[in-house]
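Novice: The structure follows.
The values are calculated or read from the model by the stated rules, or taken from the named source; none is laboratory data. Keep in mind that this is a model prediction, so the values were computed, not measured. Positions of Cβ are backbone-derived with ideal geometry, glycine not excepted, and every protein chain shown enters the neighbour counts. Surface areas here come from the heavy atoms of the whole protein model, side chains and all, with no ligands, DNA or RNA. Shrake-Rupley method; radii C 1.70, N 1.55, O 1.52, S 1.80 Å.
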Amino acid sequence: MEMKRALFIDRDGTIIREPDDEQIDSLEKLEFVPGAISALSSLAKKGWELVMVSNQDGLGTASFSEDTFWPAHNKMLRTLEGEGVVFADQLIDRSFPSDNLPTRKPGTAMLTAYMDGSYDLPGSYVIGDRETDLQLASNLGAKGIRLGSDETPGWEDVLRVILGKERRAEVVRDTAETQIRVALDLDRKGICEINTGLKFFDHMLSQLPHHGDLSLHIECNGDLEVDEHHTMEDVAIALGQALLQALGKKHGIERYGFALPMDESRAMVLLDLGGRFSFEWDVPFTREYVGDTPTEMYKHFFHTLAFNMGANLHVEASGENNHHIIEGVFKAFARSLKAAKNRDIFSNATPSSKGIL
């Protein structure tokens, strides 16, 4: 069962502006932080569980009564609900700082229900505007985001931090023929660590992170004493599964890709990440091997890759130099993948007239 993830969000200074007297005791003082409503709406639509966690000094005392607190608070909630933002819980500590209670942030006593093992706290976030919010994140074992910091000055930046780090995957495949680990991040550029035991295959695979704007780690220990087949096939399986997982629900992606030339050779790759498998291959070779890999295996590699990532993939290439031909194919595939995986992180749209992929 997949563990739940939550966003633990401060109120004053994060969702609504905090006035100079630090008291939202009238409707006239209610003012949303710029970008908060649209950002929270985007996060709610993407399935994040929202939990409000707020310190309200002395709430309920004669100096700051509930009668003056709740009208503005409830008006805030109604406004947010109109945009699809509903909090699963509202945890409001009413003590003074001098009381030093464990329920007061950065204490976690109000959050024990979220610490029972059913939540993925390392994958969750605390969002606030103060150092105590970051301390709460540390105490929970969650990530912390401070609104107004140099890294996240506004809510749009908060969205980029949260949504821009979701498209990662790791696949471990262990069989009698190969032991493989593939890890990738579709939104982190340039990290390339590849070792399959086939040097030319490694060189081809390295085109994917360099030209696809992604990070890729592949480690394979295969039965190369038999031949290259199991290594190349199983890497394709694991890589295809990792790409499928990392793409997730595919909200906001471009979906389609394109082609490029390679010296005297030309390679055309047409890619559709629509979820339906189809494969066409027209790449003639004049050599049995390039480097330490058989050229016949590249058709099988891309066929297996497309099947496991649920893609429609058409590959056509020609030229004089077999090295250039297959390198052109890998580069064109990487560029196609880069174009197709590109997404608008603020969009919840599915790139299909059917509404699903």
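Novice: Can you tell me which residue in the range 162-182 is nearest to residue 214 (Cα to Cα), limited to those that are free of Cβ contacts under 8 Å to residues at least 60 places away in the same chain and open to solvent by less than 20 Å² (accessible area, probe 1.4 Å)?
Specialist: Top of the filtered list is 180.
Novice: For the range 23-44, name all the residues that are more than 23 Å from residue 137 (Cα to Cα) and either touching a residue at least 12 places away in the same chain (Cβ under 8 Å) or surrounded by 18 or more Cβ atoms within 10 Å (Cβ to Cβ) (or both).
Specialist: As a first pass, look at the range 23-44 and keep what is more than 23 Å from residue 137 (Cα to Cα): 23-32, 34, 38.
Matches in the range 23-44: 23, 24, 25, 26, 27, 29, 30, 31, 32, 34, 38.
Novice: Continuing with this model, one more query. Could you pull out the residue among 10, 93, 20 that is surrounded by 14 or more Cβ atoms within 10 Å (Cβ to Cβ), under 23 Å from residue 146 (Cβ atoms) and modelled with pLDDT under 95?
Specialist: Values: 10 fails: modelled with pLDDT under 95; 20 fails: surrounded by 14 or more Cβ atoms within 10 Å (Cβ to Cβ).
Residue meeting the stated conditions: 93.
Novice: Does the range 229-240 include one or more residues that are over 18 Å from residue 296 (Cα atoms), at pLDDT 95 or above, touching a Leu at 6+ places or on another chain (Cβ under 9 Å) and open to solvent by less than 60 Å² (accessible area, probe 1.4 Å)?
Specialist: Residues of the range 229-240 that are over 18 Å from residue 296 (Cα atoms), as a first pass: 238-240.
With at pLDDT 95 or above added as a condition, the list becomes 238-240.
Filter once more, keeping what is touching a Leu at 6+ places or on another chain (Cβ under 9 Å): 239-240.
Filter once more, keeping what is open to solvent by less than 60 Å² (accessible area, probe 1.4 Å): 239-240.
Yes, the range 229-240 contains at least one residue that is over 18 Å from residue 296 (Cα atoms), at pLDDT 95 or above, touching a Leu at 6+ places or on another chain (Cβ under 9 Å) and open to solvent by less than 60 Å² (accessible area, probe 1.4 Å).
Novice: Does residue 101 satisfy the condition of being of a type outside the set (Val, Ile, Thr), modelled with pLDDT of 95 or more and over 21 Å from residue 159 (Cα atoms)? Let's see the steps before the verdict.
Specialist: Working: of a type outside the set (Val, Ile, Thr): yes; modelled with pLDDT of 95 or more: no; over 21 Å from residue 159 (Cα atoms): yes.
No; evaluated as a whole, the condition is false for this residue.
Novice: While we're looking at this one, here's another question. Give 207, 135 a once-over and let me know the one that is of a type in the set (S, T, N, Q) and open to solvent by 50 Å² or more (accessible area, probe 1.4 Å).
Specialist: Working: 207 fails: open to solvent by 50 Å² or more (accessible area, probe 1.4 Å).
Step by step, each of 207, 135 is checked, and only 135 is of a type in the set (S, T, N, Q) and open to solvent by 50 Å² or more (accessible area, probe 1.4 Å).
Novice: Counting just the residues of the range 311-339 that are touching a residue at least 60 places away in the same chain (Cβ under 8 Å) and open to solvent by 10 Å² or more (accessible area, probe 1.4 Å), which one comes out farthest from the chain's Cα centre (by Cα)?
Specialist: Only one residue fits best here, namely 324.
Novice: Sticking with this one: So, restricting to strands (runs of 3 or more DSSP E) that lie completely within the range 112-204, which ones have at least 2 residues that are modelled with pLDDT of 95 or more and under 28 Å from residue 289 (Cα atoms)?
Specialist: 168-174, 178-185, 192-195
Novice: Just need a number here: residues in the range 93-125 that are free of Cβ contacts under 8 Å to residues at least 60 places away in the same chain, closer than 27 Å to residue 74 by Cβ and of a type in the set (A, V, I, L, M).
Specialist: Going through the range 93-125 one residue at a time, the tally reaches 4.
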